[in-house]
Amino acid sequence: MTAETRATPVIELKGIKKTFRVGVLDLPILKGIDLSINKGEMTAITGTSGGGKSTLMNIIGLLDEPTAGAYSFEGREVINLDDDELSSIRNKKIGFVFQQFNLLPRLSAAENVAMPLLYRGESIGKSDATARTFLEKVGMGDRADHNPMELSGGQQQRVAIARALAGNPSIILADEPTGALDTKVGQEIMDLFLRLNKEDGITIVMITHDPRIAAQCPKRFNICDGLIKSESEAVS
Amino acid sequence: MKLYLYFREATRSLLSSLQRTFLALLGISIGIASVIAMVSIGEIVKEEALRQFQELGTDFLVISNIADETKTGTGIIPLRSTVSIPRACPSLREFAPYAVTFSTVICSGKSWGSSVLGVTGNFHAVNKLTIDKGRPLSEIDQEMKNCVIGERIAEQMRQIGISNMIGSKLLIFDHLFTIVGVVKQASENSLRPQEINDGVMIPYLTLKRITGNDQVTGIVGRLKKNVNVSAAVEQIQGIFDQIVKERKPYIQTASELIGQMNKQMNLLTLFLGIVGCIALVVGGVGVMNVMLVSVAERRREIGIRRALGARRRDIQGQFIVEAFLLCLFGGLAGIALGIGGAYGISRFQQWHFFISQTPILLGFGVSAMVGLFFGFYPAWQASKLRPIEALRAN
């Protein structure tokens with residue numbers, strides 16, 4: 001890794017604002033967020049519910065557009081990109097992990113994991129092989145042909161993580177990844193994230209309201225009332 | 001590669017909600033079936049109607065409305081004045097004047113009122129009649145008391161127990177006639193004189209000698225090959241204008257009649273096709289309804305796919321393929337159902353069943369169009385969903 005690439009943050013937000021219109025009222029959710037995330041970092045975004053952390057996550061994940069502000073992804077301005085370009089960045093550069101796992105119910109674990117690769121235009125054989133490799137990596141190699149319904153919550157989340165990893169993205173965005181799991185299983189998922197970050201240098205941004213999960217992340221942002229209230233970075 | 005993906009996702013989705021898929025298939029296949037059945041039946045009816053004329057031959061023509069029923073004895077056109085007509089009209093190949101009168105026919109003490117046709121020797125051949133038993137009347141029968149009976153008289157004789165009619169005697173105009181032949185029932189819907197089935201045919205000159213009646217009621221004839229039909233009709237009209245002053249003879253040719261019937265039948269087919277298309281549109285709306293419900297139910301799935309990097313056209317492709325598959329299989333079932341329906345109806349009506357490629361191609365084409373047309377809007381709607389809103393849906 002050269003010093004130059006280290007210098008460019010994966011994500012850089014400047015003055016991000018998001019206002020929702022409810023009837024005649026403009027409801028500001030994000031009031032000017034500045035934040036940057038560098039390659040290889042593991043970041044937690046914490047905050048009270050309704051504080052705007054999910055909205056921020058959707059903006060970072062290019063699922064939603066900010067009302068104002070600048071967003072550069074790997075040095076590329078992404079605010080005014082068209083839908084196809086945004087889809088392409090989501091497909092190639094971002095891996096999503098959701099609270100409710102969001103696996104497609106009619107597809108097997110391997111087919112779920114292969115989905116981003118198929119949308120990219122990869123062949124079935126190749127994407128299936130890649131999918132199985134990543135299922136192996138998250139400890140789900142023996143469940144590759146199971147349907148999500150046949151898997152436990154923790155297992156489904158592992159498959160979802162494999163799906164996020166399979167496309168070799170620049171960043172993993174995890175929205176409350178342990179929120180639907182009990183403490184023990186949640187910690188197992190957290191351990192997996194920590195291992196992926198440490199061993200493979202994968203950049204991870206995680207939303208959580210659980211202080212025990214957040215405490216394990218070296219870098220933390222606390223969002224309160226639409227602004228970053230505190231920023232802390234553990235010395236590693 | 002992407003197309004495979006769309007087909008896989010569409011197939012899984014259709015198989016995962018079998019009931020809904022079945023209902024959509026039912027709607028579309030009934031639509032396609034009705035188009036195919038309706039158009040086929042239109043074509044079958046047309047062929048059926050035309051067959052009766054084609055069996056008679058397209059060169060056939062009949063001239064009527066030349067006799068004056070108020071006069072008896074020597075009428076307006078006696079037989080001898082028709083002799084010059086073939087010479088004056090070279091388009092005519094054959095020519096058979098006939099006279100229709102009415103008489104009581106008595107057989108074994110039973111009597112029936114019946115038409116009596118006075119015919120020339122070539123009348124049988126010109127009308128392409130078929131002999132059931134015995135022989136037709138010919139030129140050598142002229143002035144002899146021989147007769148050929150139609151199906152109605154034959155049936156009445158059977159009822160009084162006479163099965164061997166050839167050689168039996170009939171009393172017509174108080175003269176004893178010998179039956180020499182029985183003609184088969186001639187098709188009802190043709191230009192042939194209707195009296196053939198209903199009555200008795202006797203030689204023209206015999207009729208003239210017995211009754212003194214020499215009035216040609218009508219003339220059947222045949223045109224030569226490759227003549228201009230309307231020119232020939234005009235020519236014949238001209239001849240009759242000279243010999244019949246009081247009225248205008250009515251000339252019908254098979255070829256003109258077939259042309260008119262073709263037009264009418266095509267109109268019927270078109271009308272039936274439109275009725276079928278209405279059913280098809282209803283089926284198509286059913287597909288659209290199913291697709292819209294499917295899109296609404298799968299908003300979350302659409303959101304997940306968008307998050308994984310599916311472009312709008314990927315989402316659209318998947319849903320269009322789904323609608324297309326519905327219409328393809330619905331169409332196949334509909335084609336089978338439509339052919340079956342047309343077959344059943346023709347069987348029931350005793351029509352000659354056939355299927356031309358028109359309704360099949362129409363069915364395939366229309367079902368594909370319906371699929372794309374009614375699938376497009378729901379697919380477009382699905383693709384326009386904003387990823388974030390789709391993801392939030394339950």
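Net charge near residue A:119, counting Lys/Arg +1 and Asp/Glu -1 over other residues with Cβ under 15 Å of its Cβ? Local net charge: +4. Rounded to whole numbers, the Karplus 3J(HN,Hα) couplings from phi for region A:18-28 are 9, 10, 9, 9, 10, x, 9, 8, 9, 10, x Hz, using 6.51 cos²θ - 1.76 cosθ + 1.60 with θ = phi - 60°, and x at Gly and Pro. Shielding value for B:309-316 is 6, the average number of Cβ atoms from other chains within 10 Å of each residue's Cβ. Taking 19 Å as the straight-line reach from the Cα of residue B:46, the lysines in range (excluding those fewer than 8 positions away in the same chain) are B:263. Measuring with a 1.4 angstrom probe and ignoring ligands and nucleic acids, residue B:380 comes out at about 110 Å² accessible. Annotation: amide H-H contacts under 5 Å for residue A:138 (H modelled 1.01 Å from N, sequence separation of 5 or more, or interchain): none. For residue B:93, the amide hydrogen comes within under 5 Å of the amide hydrogens of B:222, B:223, B:224, counting only partners 5 or more places away or on other chains and with H modelled in the peptide plane.
Across peptide A:54-64, the average count of Cβ atoms from other chains found within 10 Å of a residue's Cβ is 3.
Of the residues A:24, A:159, A:78, the one that moves most in a GNM of chain A with alpha-carbon contacts below 10 Å is A:24. Peptide A:97-107 has a mean of 4 when you count, residue by residue, the C-beta atoms of other protein chains within 10 Å of its C-beta.
Straight-line reach from residue B:2: taking Cα to Cα under 26 Å and skipping same-chain neighbours fewer than 8 places apart, the lysines in range are A:92, A:93, A:126, B:384. I'd like to know which of B:5, A:196, B:277 lies farthest towards the positive end of the charge dipole of the protein assembly as shown, counting +1 on Cβ of Lys and Arg and -1 on Cβ of Asp and Glu. Of B:5, A:196, B:277, it is B:277. Shown in residue order for region B:108-115 are the 3J(HN,Hα) couplings computed by the Karplus curve 6.51 cos²θ - 1.76 cosθ + 1.60 at θ = phi - 60°: 6, x, 8, 10, 10, x, 8, 6 Hz (x for Gly and Pro).
Counting protein heavy atoms only, chain B has 60 percent of its accessible area on carbon and sulfur, 1.4 angstrom probe.
Dividing the summed helix terms, -39500 (n - 2.57) for each DSSP H run of n ≥ 4, by the number of residues in chain A produces a 222 nm estimate of -11000 deg cm²/dmol to the nearest 500.
Among B:161, B:375, B:27, whose mean-square fluctuation peaks in a Gaussian network model of chain B (Cα, cutoff 10 Å)? Result: B:161 has the largest fluctuation of those listed. Rounded to the nearest 0.05, what FRET efficiency do residue B:108 and residue B:51 give with R0 = 51 Å and r taken as the Cβ-Cβ distance? Could you check? That pair, residue B:108 with residue B:51, gives E of 0.85. Between residue B:175 and residue A:225, the simple label model (points 7 Å from Cα in the Cβ direction) yields a spacing of 12.8 nm. Compared with the direct C-alpha span, the chain from residue B:23 to residue B:88 gains 16.4 nm at full extension, assuming 0.36 nm per residue. Subtracting the Cα-Cα distance of residue B:159 and residue B:296 from their residue separation scaled by 0.36 nm leaves 41.9 nm. Computed 3J(HN,Hα) for region B:263-280, one whole-Hz value per residue from the Karplus formula 6.51 cos²θ - 1.76 cosθ + 1.60 where θ = phi - 60°, is 4, 4, 5, 5, 5, 4, 4, 4, 4, 4, x, 5, 4, x, 5, 4, 4, 5, glycine and proline marked x. Report note on the peptides A:142-154, B:304-316: ranked by the mean count of other C-beta atoms within 10 Å, highest first, their order is B:304-316, A:142-154. Of the GluC sites (Glu not before Pro) found in region B:146-222, those in coil by DSSP whose Cβ has at most 14 other Cβ atoms within 10 Å are B:188. Per-residue ellipticity at 222 nm computed for chain B from its helices equals -19000 deg cm²/dmol, with DSSP H segments shorter than 4 residues left out and the rest contributing -39,500 (n - 2.57). Peptides B:164-170, B:367-373 ordered by packing proxy, namely the average of other Cβ atoms within 10 Å per residue, highest first: B:367-373, B:164-170. For residue A:172, nonlocal amide neighbours, meaning residues 5 or more places apart or on other chains whose placed amide H falls under 5 Å from its own, are A:95, A:203, A:204, A:205. With a Förster radius of 45 Å applied to the beta-carbon distance between residue A:34 and residue B:275, the computed FRET efficiency rounds to 0.10.
Summing +1 for each Lys or Arg and -1 for each Asp or Glu among the other residues whose beta-carbon sits under 11 angstrom from that of residue A:218 gives +1.
With the cut-off at under 12 Å, measuring from each backbone N in region A:130-147 to a point 7 Å along the Cα-to-Cβ line of residue A:184 picks out no residue. Interface area, chains B and A: about 2700 Å² of buried accessible surface, summed, with a 1.4 Å probe and ligands, DNA and RNA left out. May I ask you to list the aspartates and glutamates whose Cα is less than 13 Å away from that of residue B:224, ignoring any residue fewer than eight positions away on the same chain? Cα-Cα hits under 13 Å: B:59, B:94.
The values are calculated or read from the model by the stated rules, or taken from the named source; none is laboratory data. Here the structure is a predicted model, which means the values were calculated and not measured. Cβ atoms come from the backbone with ideal geometry, glycine included; neighbour counts cover every protein chain shown. Only protein heavy atoms, including side chains, enter the accessible area calculation; ligands, DNA and RNA are left aside. Shrake-Rupley method; radii C 1.70, N 1.55, O 1.52, S 1.80 Å.
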